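Q: I have a structure I would like to understand better, so I am pasting it below and will then ask my questions one at a time.
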Amino acid sequence: MSHQDLADQIAAALKGRRPRAEHKTSEATGCDNPGCARHAGVNSFPHFPSAARSGADFGEAVADAWYKASGSSRMDIPVGIVAALALWPTKTEGATHAGRLASYFAAQPGRVLVQGYGECFAATWMKRPDLLDVAAPITQWTSENLDETLLRGVQAVTRAAVRSGVLHYTGSSDPAFRSTIDLMSWTVTALRHHSSRQGLGEYHTPPDISTTMTRLLTAKGLPQPGQWFCEPTAGTGSMFRALAETLRDHNLDPHDFGWMMQELSPLAAAAAAVNVLVWDLGPRALVACGDTLAQGDLTAAALSHQREMFAHRDRITDVTVFAVATHEANRLLNSLFPSSTAA
């Protein structure tokens, strides 16, 4: 997603509406925006079954849905869909809303879903632009004009993900519960397995191994607040998920620590950036995409990137607020002093 696209969506949010575009008006609804449920004719949401499944089953369901519906080898779209659903801002205690929200998503056409996911990423960018910049490889597709085949894939993956419990896992208001699983890892791994027939296999550290390693590392004593952790080959963040879980089990807050993840694969690094937010690791949690062997410790570069992205966000916000204020001022002036017509 380009900075201009983000600025347009931010401006629309500040104005209290979505970005306007040149679209044909639906005769049935009177709506001129095909990226909304009313225009698509979706006014009711029949029950759609959803329940939390194992991570392996979840990943396989997403991968099967994508490849069967789209026939595309692209991985950024299905991984991005899972990311958007995981980041969806509606959170409730025990994820009690998950069933109803699953039915809503399952009823939407692909084009409506793409717009909604793009707006979710834009809203998240406002909070952590540094992480969403790293996550760009799995978010930029929401700005594309996807063809009908890919849109069918978007719809199929969405239904597979919500049916398999993504909202039940990530819709909880308790970050400790959201940290019990790495759905991004299971998704990437399953998609890679499908591609492994072409020799592109990728395997992430199993969660049980991560938990065991974390317990061994903390057996002689827990880390102290203020300490930094660095994972030079982070993948999607499996080790940090287990460590955050251990800290919370001992009444320690992950926000009191620093977290630095480095990863060579842009796709895995993007997924790790999403996980930082899903697991709520805190404001000092950073992700960098780079070659650890060639570049060494990227913590200083990641901190610099974070400062630059926050400054960039603030500049965009300032310009957008000014543009909205100017627009409203002109509207008021025009209403007070209507243009005169020639006699």
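The values are calculated or read from the model by the stated rules, or taken from the named source; none is laboratory data. Keep in mind that this is a model prediction, so the values were computed, not measured. Because the Cβ atoms are built from the backbone with ideal geometry, glycine has one as well, and the counts that use them run over all protein chains shown.
Q: Anything in the stretch 164-179 that is part of a loop (DSSP other than H, G, I, E, B), touching a Lys or Arg at 6+ places or on another chain (Cβ under 7 Å) and closer than 18 Å to GLY282 by Cβ? List them, or say none.
A: Across the stretch 164-179, the qualifying residues are SER173, SER179.
Q: What is the one condition in (1) more than 15 Å from the chain's Cα centre (by Cα); (2) at pLDDT 95 or above; (3) more than 16 Å from TRP66 (Cα to Cα) that THR180 does not satisfy?
A: Here THR180 clears every test but (2).
Q: Further, regarding this structure: Starting from the stretch 300-311, keep only residues that are surrounded by fewer than 18 Cβ atoms within 10 Å (Cβ to Cβ), then list their pairs with residues that are at pLDDT below 95 whose Cβ atoms are within a distance under 6 Å, requiring at least 6 positions of separation or different chains.
A: Qualifying pairs under 6 Å: none.
Q: Of all residues in the stretch 74-126, count the ones that are over 16 Å from VAL278 (Cα atoms), of a type outside the set (A, V, I, L, M) and outside any helix (DSSP H, G or I).
A: The qualifying residues number 5.
Q: Right, something else. So if I check each of ALA51, ALA95, ALA63, which one is over 17 Å from PRO109 (Cα atoms), of a type outside the set (S, T, N, Q), at pLDDT 65 or above and exposed (fewer than 15 other Cβ atoms within 10 Å of the Cβ)?
A: ALA51
Q: Any residue at all in the stretch 143-159 that is of a type in the set (Asp, Glu) and farther than 23 Å from PRO266 by Cα?
A: Checked the stretch 143-159: at least one residue is of a type in the set (Asp, Glu) and farther than 23 Å from PRO266 by Cα.
Q: With the condition kept exactly as written, say whether any residue in the stretch 226-234 is crowded, with 22+ Cβ neighbours inside 10 Å and either in contact (Cβ under 8 Å) with a residue 12 or more places away in the chain or touching a Phe, Trp or Tyr at 6+ places or on another chain (Cβ under 7 Å) (or both).
A: Yes - at least one qualifying residue is present in the stretch 226-234.
Q: For the stretch 279-293, which positions are small (Gly, Ala, Ser) and over 17 Å from MET309 (Cα atoms)?
A: Listed by number, the list holds a single entry, GLY290.
Q: Sticking with this one: Would you mind listing the helices (runs of 4 or more DSSP H) fully within the stretch 236-305 where at least 3 residues are closer than 19 Å to ASP76 by Cβ?
A: Counting at least 3 such residues, we get 266-278.
Q: Here are some conditions: (1) modelled with pLDDT of 95 or more; (2) assigned to a helix (DSSP H, G or I). LEU146 meets all but one. Which one does it not meet?
A: The one condition LEU146 does not meet is (2).
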